[in-house]
Structures are given as C-alpha cells and as structure tokens.
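Asker: Below you'll find the structure I mean.
The values are calculated or read from the model by the stated rules, or taken from the named source; none is laboratory data. These figures come from a predicted structure and were not determined experimentally. Neighbour counts run over all protein chains shown; Cβ positions are idealised from the backbone, glycine included. In case anyone asks, the SASA skips ligands and DNA or RNA and just uses the protein heavy atoms, side chains included. Shrake-Rupley method; radii C 1.70, N 1.55, O 1.52, S 1.80 Å.
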Amino acid sequence: MASTIRELSGQDTVSIADLYTDVRARTMQIVAPLEIEDYVIQTAEFMSPPRWHIGHTSWFFETVLQQHKPGYRVYSDDFLFYFNSYYEGFGVRIERPKRGTKSRPTVKETIAYRNHIDEQILTILHSPDSLRDAETVLSLVRLGLEHEMQHQELLVYDIKHLLCDQFAAPINPLPKPQGKVEGMAEIEGGLIWLGYDNQGSFAFDNEKPAHQVFIQDFAIDKASVSNGDFLEFINDGGYQNFRWWFSEGWEAVNHEQWRAPLYWELHDDEWMIRDFSGLHPATNKKDEPVCHVSYFEASAFAKWVGKRLPTEAEWEHAACYDPARKVKQAFPWRDTAPNSGNTNFFENSYWSTAPIGAFPAGANAYGCQQMIGDVWEWTTSDYVPYPGFKSEFDEYNDKWFVNQKVLRGGSFATPQVHIRATYRNFFHAHERWMTSGFRCAKDL
Ligand SMILES: [Fe+2]
C-alpha cells in the first residue's frame, strides 16, 4: 500500500508518491536549459535525443497502466512505437539509431503525454486500494522510478555529447581537496560476501542474492586514476604501443583513432579537456579522476603501470568491509545514505568529477576515497547473473548478461537515492561516453 510503503531517501523517509513527484520533476529540471531544437537531435547512434528520454520514461509507466489499471486506454499507438526502447514483449519499435530522424511526436506533445501519465499514476498511488494487485503495481512503480533515475544519468551523458559546454548547466563550484590520497590499501582476502542482503530498501534483481566468494589478498588504489596519471600514459606513447592493449582494444585505438579519453582535445600540442564548464588544460584538472575512458583504455593503463583492474568482488569488499568490526557495511563510511559532504552525486550539481581528496568523510576503513560517486569504476568482472539469480522483471537486466563488463560506485551524474555499493552497472568494453573511470588493483 502506498500509504505504508516508506523508502529511505537521504536522511528522510518519503512515501512512494512523494518520491514519484520528486523523480519526475528532476527529469524536467535536467532538460530545462535546453532549447526546443536540442530535444530532437541524435549526435551519435549510442545516444538518444532528450525528447526521447522524457517520453520513454513515461512510456515505462504506461506499460504498468496498460497491464494493471482496469479499462486503461492507450494514449497513442504512435507513442508506443516511438518511445519503446528495446522491449520485445511490448511490441514493435523504432530502431535506436533512428530516434533522431523524427520530429514527431513534438516536444510539446511529449510533455502533454508525460503529464497525462503523471495524473494516471498519481491517482493510483493516492488510492491503491482500488487495484486488485496493489503490491505488484507499487513495486513496478518503484522500478519505474529507478528506471527514470537511470535515464536521468543517461540524459547527462547525452546532453554532454549533444552540447557539452554550450549547455547552460546550473553548476556549483567544485570542492577543494582536503589532503593527498596516495598509495594502495592492502586488503586481506578470504571467503567474503558479495551482493545485496539488506531487505529494507530497493535493489535491482542483478544485485541479488548475496552469496559468498573467495578472494585472494590484494591491494587497491586509495584514489581513482587521475587525469594527471593518465596524461603520463598518453605522453609515454601509451596509445601508440600495442603491448599495453588487448587485441580488441588495439583494434579500437586504430579504428577509432583514439589518442586520449573522450572529450580530450589537442590544442597547440597541449591536451585540453572539454566539460560542461568549458575547455580546460588537462594539467589544470590533473588531480581529478580521469573520466570517459573505455574498459580497453583502463586496462591498457593498468598494464602500463604494472597493475590490473579489480574484480567486482574485490571492489565491493574493499568499499564496504570494516576489518576492525568484521562487518560488511552498506557504504564505505558505514550505513547511512550518501550525503553531499561525503559523495559527489548528481544533486551536488558539480556536473563534473571533483578533485581527489575532496571527500575525506567518504573514506572506507582502508583509507580509499571517492569509491562512491565521481566516476563509475571499471572492474574486470563480466556482467553475468549471480548464483541463485531470479529475474524480477522480463527484459530489464537479465537479457544483458553477455559481453559486457561491470562498473561500480556511481558517478557525479547519479542521483543520490540511486547509489548503492552493490549496484552493478554494465557497459561494453569499447564504450566511453558515460562517466567511466577506474582505480587499479594488484596481487599481494
Ligand atoms: Fe529505459
């Protein structure tokens, strides 16, 4: 029942109706600085026009109405076609690379659709007793909100690709580093717990069930690899030397003409980084985590520096285990939700990575910082189901369990309530338009 479902959100508990209102409003806040022409352009096959995101997130809720609200009439068959992403079970759809080839539905029509869905869903949330299967509907709405938060993060990636520093993002000044974060933490291995085991709040099916895995002793970087570190790799000819690269990575370097991470530009022999706030010499951002690197680039750097990437079990154990208390915590700093003083998440409104050392309050028991927020961190782990996995929603997570790598920790574009240490994000090894970085590990 909506009135009895309470969710942890920051320091407060809020009803699912309040969460619905907040999340839906944030999507429109993100796109608010766009001009009408910006909403429909697709600048690459891997991104989607902002108009598509605001319609698609509504479409997801409309599938709930179609299946669970007696007598619900579909808003528009054309919208079902245009706003379905990849769900075979929900019928035919426009091909992803063609989302930017249509000017209809218009932005105005898409917003009217969005408002219609909001009215319908809020009616349900305010009187769930009218439904036969209220528990199911409420859990689907909750999933729809997590889905929308995933698309809010994708909107940040896609708007960056579309406009970058031409977008008038409401940027807050970055925090200053409080001290140096250097070296590696040495962590004892053994039989450890991996996955989500707290029944009190939301988690995706792919984070469950919690299960035991054995890991060897290992060391992990206390800080993410920085732009300064990565610049050394570039200046050492890292992109010209096949020996650091996987075969497929080397093919990507040559085929895509990679010479640096995405959004790095060479101006008069100086590497510059373009972000939402402008064009900056990479040396001015040398102490921020490197961002927009593929798995191939992260792996090549790790080999060059004589280390490797961590597995997701190593990453999660490092992030959450407190050896003094011998317990696994929900977060590096124990069990409270992330706040703006210990994590760089979307609500901080930096629209950027923050300097390494800016969040000492977010440190784990071993002195590692910024594992949560800032950049998603590549792991070597393949995105496959955990032992005992049970799908909770068709075609959501389970159909992607092949050929992708797991990333952990959330980023500056991830909404606060959407971040969990057990969250398994996943992308293909060559992708780099998302907020992806890494830290290295090594054997002991
Ligand atoms: Fe989606």
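Asker: Could you list all residues from the range 300-317 that are open to solvent by 20 Å² or more (accessible area, probe 1.4 Å) and assigned to a helix (DSSP H, G or I)?
Answerer: Lys303, Trp304
Asker: Report whether or not Tyr20 is more than 16 Å from the ligand (Cβ to nearest atom), in contact with a Gly (Cβ under 9 Å, 6 or more places away or on another chain) and either assigned to a helix (DSSP H, G or I) or more than 20 Å from Glu95 (Cα to Cα) (or both).
Answerer: It is true that Tyr20 is more than 16 Å from the ligand (Cβ to nearest atom), in contact with a Gly (Cβ under 9 Å, 6 or more places away or on another chain) and either assigned to a helix (DSSP H, G or I) or more than 20 Å from Glu95 (Cα to Cα) (or both).
Asker: Tell me, yes or no, whether the range 364-381 has at least one residue that is part of a strand (DSSP E or B), open to solvent by 10 Å² or more (accessible area, probe 1.4 Å), of a type in the set (S, T, N, Q) and over 21 Å from Gln29 (Cβ atoms).
Answerer: So far as the range 364-381 goes, yes, one or more of its residues are part of a strand (DSSP E or B), open to solvent by 10 Å² or more (accessible area, probe 1.4 Å), of a type in the set (S, T, N, Q) and over 21 Å from Gln29 (Cβ atoms).
Asker: Quick one: which residue in Trp193, Trp271 is within 30 Å of Gly144 (Cα to Cα) and assigned to a strand (DSSP E or B)?
Answerer: Just a single option satisfies the conditions, and that option is Trp193.
Asker: Does the range 102-121 contain any residue that is more than 16 Å from the ligand (Cβ to nearest atom), under 14 Å from Thr57 (Cβ atoms) and charged (D, E, K, R)?
Answerer: Within the range 102-121, one or more residues are more than 16 Å from the ligand (Cβ to nearest atom), under 14 Å from Thr57 (Cβ atoms) and charged (D, E, K, R).
Asker: A further question on this structure: Just for the range 132-142: of the residues that are among the aliphatic types (A, V, I, L, M) and more than 10 Å from Phe61 (Cβ to Cβ), which one is surrounded by the fewest Cβ atoms within 10 Å (Cβ to Cβ)?
Answerer: Ala134
Asker: With the structure loaded, tell me whether Lys286 is more than 18 Å from Thr379 (Cα to Cα) and open to solvent by 60 Å² or more (accessible area, probe 1.4 Å) or whether it fails that test.
Answerer: Considered against the rule, which asks whether it is more than 18 Å from Thr379 (Cα to Cα) and open to solvent by 60 Å² or more (accessible area, probe 1.4 Å), Lys286 comes out as yes.
Asker: Using the structure shown, decide if Glu297 is out of contact with any Phe, Trp or Tyr (no Cβ under 9 Å at 6 or more places or on another chain) and crowded, with 24+ Cβ neighbours inside 10 Å.
Answerer: So Glu297 does not fit the description; no.
Asker: Looking at (1) among the hydrophobic types (A, V, I, L, M, F, W, C); (2) open to solvent by 60 Å² or more (accessible area, probe 1.4 Å); (3) within 16 Å of the ligand (Cβ to nearest atom); (4) touching a helix residue (DSSP H, G or I) at 6+ places or on another chain (Cβ under 9 Å), find the lone condition where Val92 falls short.
Answerer: All conditions pass for Val92, except number (3).
Asker: Could you list, in sequence order, all residues of the range 418-443 that are under 24 Å from Arg334 (Cβ atoms) and out of contact with any Pro (no Cβ under 9 Å at 6 or more places or on another chain)?
Answerer: Residues satisfying the conditions are His418, Arg420, Thr422, Tyr423, Arg424, Asn425.
Asker: Follow-up. Of the conditions (1) under 18 Å from Phe204 (Cβ atoms); (2) buried (at least 21 other Cβ atoms within 10 Å of the Cβ), Lys390 clears all except one; give me its number.
Answerer: Here Lys390 clears every test but (2).
Asker: For the subset of the range 57-80 comprising residues that are among the aromatic types (Phe, Trp, Tyr) and away from the ligand (no atom under 16 Å from the Cβ), which member is farthest from the chain's Cα centre (by Cα)?
Answerer: Restricting to residues being among the aromatic types (Phe, Trp, Tyr) and away from the ligand (no atom under 16 Å from the Cβ), the top hit is Tyr72.
Asker: Would you check which residues across the range 150-180 are within 16 Å of the ligand (Cβ to nearest atom) and in contact with a Lys or Arg (Cβ under 8 Å, 6 or more places away or on another chain) and list them?
Answerer: Answer for the range 150-180, where residues must be within 16 Å of the ligand (Cβ to nearest atom) and in contact with a Lys or Arg (Cβ under 8 Å, 6 or more places away or on another chain): just Gln152.
Asker: List the residue pairs whose Cβ atoms are under 8 Å apart, where the first residue sits in the range 133-158 and is closer than 16 Å to Gln416 by Cα, the second is within 12 Å of the ligand (Cβ to nearest atom) and small (Gly, Ala, Ser), and the two are 6 or more positions apart or on different chains.
Answerer: Leu154/Ser48
Asker: (1) without any contact (Cβ under 8 Å) to a residue 60 or more places away in the chain; (2) open to solvent by 30 Å² or more (accessible area, probe 1.4 Å); (3) part of a helix (DSSP H, G or I): which one isn't true of Asp129, the others all being true?
Answerer: Only one criterion is unmet by Asp129, namely (1).
Asker: Only one of these conditions is not met by Ala168: (1) exposed (fewer than 13 other Cβ atoms within 10 Å of the Cβ); (2) in contact with a strand residue (DSSP E or B) (Cβ under 7 Å, 6 or more places away or on another chain); (3) hydrophobic (A, V, I, L, M, F, W, C); (4) touching a residue at least 60 places away in the same chain (Cβ under 8 Å). Which number is it?
Answerer: So Ala168 meets the others, but not (2).
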